[in-house]
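Step one of this worksheet: look at the structure below.
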Amino acid sequence: MKILTADLASVTGGKLYGSQELPVNEVFTDSRQVTYSEGLAFFAIRGKNHDGHQFIINLYEKGIRVFVVERLIPEIKEYSDAAFILTGNSITALQKLGAFVRQGFKAPVIAVTGSAGKTIVKEWLADVLGISRPVIRSPKSYNSQIGVPLSVLKLDDKYSMAVFEAGISMPGEMDKLQKIIDPDIGVFTNIGEAHSENFPDNRTKASEKLKLFRNARSIVYCKDDILIDNLISNDPVLGSKDLFGWSAEKKDARIHVTKNVEKGNGTSLSLVFKNETHQFMIPFSDRASVENAVTVAAACLATGTRPEDIRRGLEKLVSVAMRMEMKNGINNCRLIEDYYNSDPGSLHMAVEFLKSHKGRKASLILSDFVQSGRDESELYGEVADLVKKAGIHRFTGIGKALAGNRELFDSSCRFFETTDEFINNFSQGDFRNEMILLKGARIYEFERIAHLLEEQIHQTVLEVNLDAIAHNLNEFRRFIKPETRIMAMVKAFAYGNGPSEIAAMLEYQRASYLAVAYADEGVELRTAGVSLPIMVVNPDPAALDLMIRHSLEPEIFSFESFDRFVSVASRHGLINYPVHIKIDSGMHRLGFMPEDIPQLCEKIRSTEIVKIISVFSHLAASEDPRLDNFTHKQAKIFADASQKINEATGYPFLRHLLNSAGIVRFPQYQFEMVRPGIGMYGSGYREGLSLRTTGCFRTHVSQVKKISAGEAVGYGCAYIAASDMMIAIVPVGYADGFRRKLGNSRGSLYIKGSRFPVIGNVSMDSCMIDVTGASVEAGDEAEIFGENITIDELAGLCETIPYEILTSIPRRVKRVFVRE
């Protein structure tokens with residue numbers, strides 16, 4: 001999309017104040033998602049819990065110059081270089097812009113709607129279609145009144161097909177989405193109970209959803225759904241379209257399907273279309289996944305996709321993480337966490353998924369349905385019947401409606417009116433060797449229950465002070481210009497501190513980017529709901545598809561990594577996927593050498609698959625004044641390489657070179673972005689900084705005992721008591737990151753205001769300390785490092801650096817996050 005502010009005002013029906021000729025290439029509604037200011041327009045949206053207008057001043061300071069607003073701010077006179085477009089409603093203005101962009105897109109557009117499975121079908125369909133053509137899709141589950149226009153605005157003539165998702169919660173909404181998407185092909189997944197409270201029945205709701213397809217030329221749907229089949233077939237407009245109804249029951253259907261579950265939890269599909277039989281294989285056996293895959297295959301046939309390409313795509317389908325996640329639980333349990341959609345239809349599918357996993361007893365923890373709009377006794381009678389028929393070993397209902405209908409269930413079922421009541425009555429020993437499905441509406445906060453079922457009891461914890469990290473980040477801000485962006489380093493499990501909570505705080509503190517070491521770290525952040533752009537420093541070739549699925553941006557450091565990622569991105573049908581180019585300016589780790597730059601520039605010019613978002617390098621000795629000449633040399637090499645790459649791209653990108661020490665010592669090289677790392681966590685270079693301690697590694701005394709003179713302590717009898725003494729056994733060892741070098745009186749722990757030396761060898765899970773003469777008791781807290789024993793001191797004793805100490809603390813050590 002390329003448009004000037006005068007045209008933007010005309011399209012949205014707004015009144016323009018300020019410059020008429022500012023270019024707009026992209027729009028955004030979330031003030032936290034600003035990565036670059038050129039060509040961006042901010043739509044200030046007012047909602048129940050937020051008002052985008054309050055972020056305008058901050059965005060202006062970040063370089064944003066185009067704003068679509070519902071009210072003018074007092075500072076408008078001071079912003080003579082900006083443009084403000086005043087509209088009656090920013091969402092309506094956004095939708096008008098989306099419809100305008102859609103009108104200019106000539107390639108086929110596919111729209112997916114229904115009650116459940118929309119996001120999965122959209123993702124899978126885009127994956128399969130992307131094998132043979134460039135396809136653009138709506139991100140995540142952008143299917144709302146705001147998400148749809150934001151998705152459609154990404155349309156570009158470089159794509160030969162688009163796949164969008166549309167969802168509604170009340171009458172009248174689909175008319176608006178239809179004008180924005182105006183699909184050529186419609187795909188209907190199913191009809192269920194989700195968002196039923198605003199519709200009298202499923203027929204009314206389905207009819208409303210089908211309005212999306214009134215101008216479409218083709219419709220793909222399951223003909224076995226009698227309600228949907230009747231609504232489409234008997235409608236004079238919809239029934240006249242090219243219908244691709246698939247059926248496993250009706251042999252006269254346009255596409256007839258036969259399904260056979262194979263060994264290894266896969267399913268073979270046989271689709272008869274135009275008197276030809278096509279054989280496909282999918283890696284799923286539960287009903288929901290199979291039906292979604294058949295819908296995808298039928299939609300692909302409707303687009304004329306070659307069967308061999310469909311076959312290749314279906315074989316590689318993977319679970320969409322936002323639907324269900326499986327995790328290890330306590331007492332040999334496995335958890336299936338499904339909080340995305342809570343309605344009776346999705347419950348049936350989730351239970352089938354639960355039962356498809358053999359080897360453990362099936363358990364279900366279910367909350368009330370909050371959007372069903374149905375008679376409670378009828379609704380929960382169906383649930384009780386499902387629990388009985390599915391052979392659920394243990395059923396737990398949470399919510400007043402379920403508790404009020406407990407007589408419908410077997411007497412062995414348990415009920416609680418609130419999540420708190422369940423938690424207060426929770427016993428870890430109740431769940432053993434079970435496959436536990438957690439199916440709850442978001443307001444019931446089932447994440448808290450999941451935490452109990454996942455949690456491994458361990459007395460040793462790493463307490464992380466989020467306010468201290470925020471303070472340290474703002475300390476670095478004192479050394480950078482207001483317009484300079486921050487890429488916060490959260491790699492290696494956020495230096496051992498726990499990434500998701502810290503990432504959420506950094507997002508709130510207006511960090512522009514996050515950086516992780518590996519793709520799985522980025523996926524963890526995405527799963528936790530982090531929306532900031534994320535750079536992956538070490539993009540494993542085997543994880544490139546995973547990165548694309550989770551909108552993670554790779555570091556490109558060699559010609560091999562460049563070609564490999566371009567190849568994978570091409571298979572996904574991507575254009576202008578954001579990547580980051582690493583320059584080796586003298587440290588000689590990963591990166592392009594200066595002599596590689598001309599060839600790299602040629603590669604950049606030859607492809608539109610990727611877009612250079614940033615170019616960066618890493619300083620080897622920014623903290624050492626003795627090597628400042630080397631640092632200046634690195635900066636020059638980097639600047640020269642960046643200039644050549646900029647000439648090749650023809651567009652601007654972010655440049656970043658400075659780490660924590662570099663931010664303080666070399667502010668002249670901050671370019672457009674900096675990368676604070678260990679300094680945010682209160683360690684490393686400190687001169688000129690007032691850093692706070694962010695982590696407290698602590699445990700509790702397990703036992704105190706008296707030993708006699710001459711007795712040995714620990715493995716190898718390395719310590720022999722010279723006299724009668726008292727020792728305390730503490731549950732922290734080298735498996736927790738407490739190094740063996742700290743044994744034999746080298747290290748100490750801080751208890752009740754005093755230090756006590758570690759005696760004997762450190763064990764895997766414990767160590768012993770000399771507490772003779774002190775009033776230390778079992779249960780007393782013991783600090784390993786924190787306010788009283790610094791991590792720098794601990795690193796010195798271990799002859800290493802704080803980075804290694806932090807990143808050596810394993811995940812079995814529970815992280816506790818605190819706010820002051």
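All other residues with a Cβ under 15 Å from the Cβ of K241 taken together, and with Lys, Arg as +1 and Asp, Glu as -1, what is their net charge?
0
Compute, for the range 737-820, the length of the dipole vector about the Cα centre, with Cβ point charges of +1 (Lys, Arg) and -1 (Asp, Glu) only. Units Debye, rounded to 20.
That gives the range 737-820 a dipole magnitude of about 340 debye.
In deg cm²/dmol, rounded to 500, what helix-only [θ] at 222 nm does the chain give when every DSSP H run of at least 4 residues adds -39500 (n - 2.57) and the total is split over its residues?
On the way: 26 runs with 248 residues, N = 820.
My calculation for the chain gives -8500 deg cm²/dmol from helical runs alone.
Size of the dipole of the chain about the Cα centre, Lys and Arg at +1 and Asp and Glu at -1 on the beta carbon, nothing else charged, in debye to 20?
Working: 96 positive and 102 negative charges, 242 e Å.
Result for the chain is approximately 1160 debye, rounded to the nearest 20.
In Å, what is the Rg of the alpha-carbon atoms in the range 224-287, and how long is Dmax?
Every Cα atom of the range 224-287 included, Rg and Dmax give 14.1, 45 Å.
With every protein chain kept in the model, how would you rank I226, I613 by accessible area, 1.4 Å probe, largest at the top?
I226, I613
What figure, in Å² to the nearest 10, do you get for the accessible area of R510 with a 1.4 Å probe and non-protein molecules left out?
Probe radius 1.4 Å; accessible area of R510 about 110 Å².
Shape verdict for the range 279-318, please, from the Cα gyration tensor: rounded (a/c under 1.5), prolate (a/b greater than b/c) or oblate.
Because a/c hits 1.5 or more and a/b fails to exceed b/c, the range 279-318 counts as oblate.
Give me the percent of accessible area attributable to carbon and sulfur for the chain, probe 1.4 angstrom. Please list the in-between numbers first.
Numbers: 16350 of 34040 Å².
Reported share for carbon and sulfur atoms: 48 percent.
Could you check how many percent of all C-alpha pairs in the range 502-570 are farther apart than 15 Å? Before the final figure, lay out the partial values.
Details: 1138 of 2346 pairs.
That tail contains 49 percent of the Cα-Cα pairs.
Once the dipole of the chain is set up with Lys and Arg at +1 and Asp and Glu at -1 on Cβ about the Cα centre, which of A450, I678, Y577 lies farthest towards its positive end?
Y577
What do you get when you divide the Cα radius of gyration of the range 167-221 by 2.2 N^0.38 Å, with N the number of residues?
1.08
E249: accessible area at probe 1.4 Å, nearest 10 Å²?
Accessible surface of E249 is approximately 140 Å².
Using only protein heavy atoms and a 1.4 Å probe, report how much of D309 is accessible, in Å² to the nearest 10.
Roll a 1.4 Å probe over it and D309 shows about 0 Å².
For the chain, what does the accessible surface come to per residue with a 1.4 Å probe? Please give it in Å².
In whole numbers, the chain has 42 Å² accessible per residue.
I'd like the distance separating the alpha-carbon centroids of the range 732-781 and the range 108-175, in whole Å.
58
As a test of reading the structure, rank L317, L590 by solvent-accessible area (1.4 Å probe, protein chains only), most first.
Result, largest first: L590, L317.
Relative contact order of the range 533-588, please, whole-number percent, based on alpha carbon pairs below 8 angstrom and at least 6 residues apart.
Taking the mean separation of contacting Cα pairs over the length of the range 533-588, I get 36 percent.
From the P(r) of the range 93-226, could you give the percentage of C-alpha pairs in the tail past 19 Å?
44
What do you get for Rg/Rh over the range 1-154 if you use C-alpha atoms and the Kirkwood form of Rh?
Here the Rg-to-Rh quotient is 1.00.
Under a plain spin-label model, where a point goes 7 Å from the Cα along Cα-to-Cβ, how far apart in nm are M281 and N788?
6.2
What share of Cα pairs, in percent, lie more than 18 angstrom apart in the range 596-660?
The answer is 42 percent, as a whole percent.
I need to check one value: relative contact order of the range 549-648, counting alpha carbon pairs closer than 8 Å and at least 6 residues apart, in percent.
The value is 29 percent.
Of K205/K355; K118/K211; K611/K644; K250/K316, which pairs sit farther than 20 Å apart, going by alpha carbon to alpha carbon?
Too far apart for the 20 Å limit: K205/K355; K250/K316.
May I ask you to rank M487, M726 by accessible area, largest first, using a 1.4 Å probe over the protein chains only?
The residues order as M726, M487, largest area first.
For the chain, what is the relative contact order in percent, using Cα pairs closer than 8 Å and at least 6 residues apart in sequence?
Computed value for the chain: 8 percent relative contact order.
Order the peptides 6-13, 235-242, 77-84 from the highest to the lowest mean number of other Cβ atoms within 10 Å of their residues.
On the way: 6-13: 18.1, 235-242: 13.1, 77-84: 15.2.
Result, highest mean Cβ count within 10 Å first: 6-13, 77-84, 235-242.
The values are calculated or read from the model by the stated rules, or taken from the named source; none is laboratory data. Just so it is clear, the structure is predicted and the values come from calculations on it, not from any experiment. Methodologically, a virtual Cβ is constructed for each residue, glycine included, from the backbone with ideal geometry; neighbour enumeration extends over all protein chains shown. Remember, those area values only see protein heavy atoms, side chains included, never the ligands or the DNA or RNA. Shrake-Rupley method; radii C 1.70, N 1.55, O 1.52, S 1.80 Å.
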